[in-house]
Structure formats: structure tokens, C-alpha cells
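The values are calculated or read from the model by the stated rules, or taken from the named source; none is laboratory data. Worth saying up front: this structure is predicted, and the values here are computed from it rather than measured. Every residue, glycine as well, gets a Cβ built from its backbone with ideal geometry; the counts of neighbours run over all protein chains shown.
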Amino acid sequence: MTTDTFALTGAAAPPLTNGELAFDELWQGRVFGIARSLAEQGVYSWDDFRVRLIAAIADWDARAQPGQEYRYYDCFLAALEALLVDRQIVAPGELRERIVQFAARPHGHDHGDHDHDHDH
């Protein structure tokens with residue numbers, strides 16, 4: 001698969017900074033990586049995911065309140081979760097709950113006093 005295979009354009013286009021993907025929070029990059037990796041492994045096609053993402057964005061547009069901030073990766077996560085639930089890979093709410101758990105961990109939670117062979 002080429003990088004172009006994973007292009008998201010139009011309504012599904014992600015936020016970019018200087019032509020590079022832009023993530024405001026760590027979980028966003030991780031969710032993007034999970035979605036792409038699962039497509040590369042053949043769990044679903046990237047086009048199937050893209051269709052779900054466009055639908056999630058349209059759903060947000062239809063339900064958004066005036067002045068409500070659009071958050072692309074919330075739609076991205078909703079699309080991924082819906083696809084994985086429909087394919088019975090995860091239970092409803094499971095993916096979102098895991099992200100909330102990971103996000104709640106303090107910075108450096110896994111780098112306490114321990115021996116290891118890498119620089120900080």
C-alpha cells in the first residue's frame with residue numbers, strides 16, 4: 001500500500017500544519033496510528049473507514065450547537081469505534097473508555113525510578 005492509499009481529502013481531511021498531520025493531544029496521533037495500522041493489516045479497508053469518518057463528520061454537523069467547537073479527532077474516534085463495533089472487534093464504548101483511561105494517566109507515569117537502557 002502506498003501513502004496515497006491512506007489519503008483523506010475533502011470532508012475527511014485531517015488538520016495539517018505545514019503539510020504534516022497535526023495532533024493537539026497524544027491520543028489523537030495514537031488513534032490515527034491504530035486506524036491506519038488496522039487498515040494495513042486488512043482488518044478493514046481504508047475506504048470503509050473513510051466512509052465512516054465522513055458520516056461521523058456529517059453527524060457532528062447535524063447535531064452541533066451554535067458556537068460549538070469542531071474537533072476532528074473526536075469524529076475520527078467515533079468513526080473508528082463504530083467500524084470496530086460493527087465488525088465485533090470491540091464492544092460499544094470500549095475504545096473510548098480505554099482512551100479516557102490512558103489520557104488520565106499522569107505525565108511520565110511509566111518512567112519512575114527504574115533501570116533501563118535508554119536516554120531520557
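Scanning the stretch 60-95 for residues that are in a helix (DSSP H, G or I) and farther than 23 Å from G29 by Cβ returns D61, A62, R63, D86.
Every residue, every condition in (1) of a type in the set (A, V, I, L, M); (2) touching a Pro at 6+ places or on another chain (Cβ under 8 Å); (3) surrounded by 14 or more Cβ atoms within 10 Å (Cβ to Cβ), yes or no:
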site: E25; (1), (2), (3): no, no, no
site: A35; (1), (2), (3): yes, no, yes
site: D47; (1), (2), (3): no, no, no
site: A55; (1), (2), (3): yes, no, yes
site: A58; (1), (2), (3): yes, no, no
site: R63; (1), (2), (3): no, no, no
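Taking each residue of the stretch 14-34 that is more than 18 Å from A79 (Cα to Cα) and looking for partners that are in a strand (DSSP E or B) and modelled with pLDDT under 90 with beta-carbon atoms closer than 7 Å, six or more apart or interchain, yields A22/L16. Exactly one residue out of D47, D24 is over 14 Å from E81 (Cα atoms) and touching a Lys or Arg at 6+ places or on another chain (Cβ under 9 Å), and it is D24. So, of the residues in the stretch 65-92 that are closer than 21 Å to A22 by Cβ and among the small types (G, A, S), which turns out to be surrounded by the most Cβ atoms within 10 Å (Cβ to Cβ)? Among them, the one singled out is A79.
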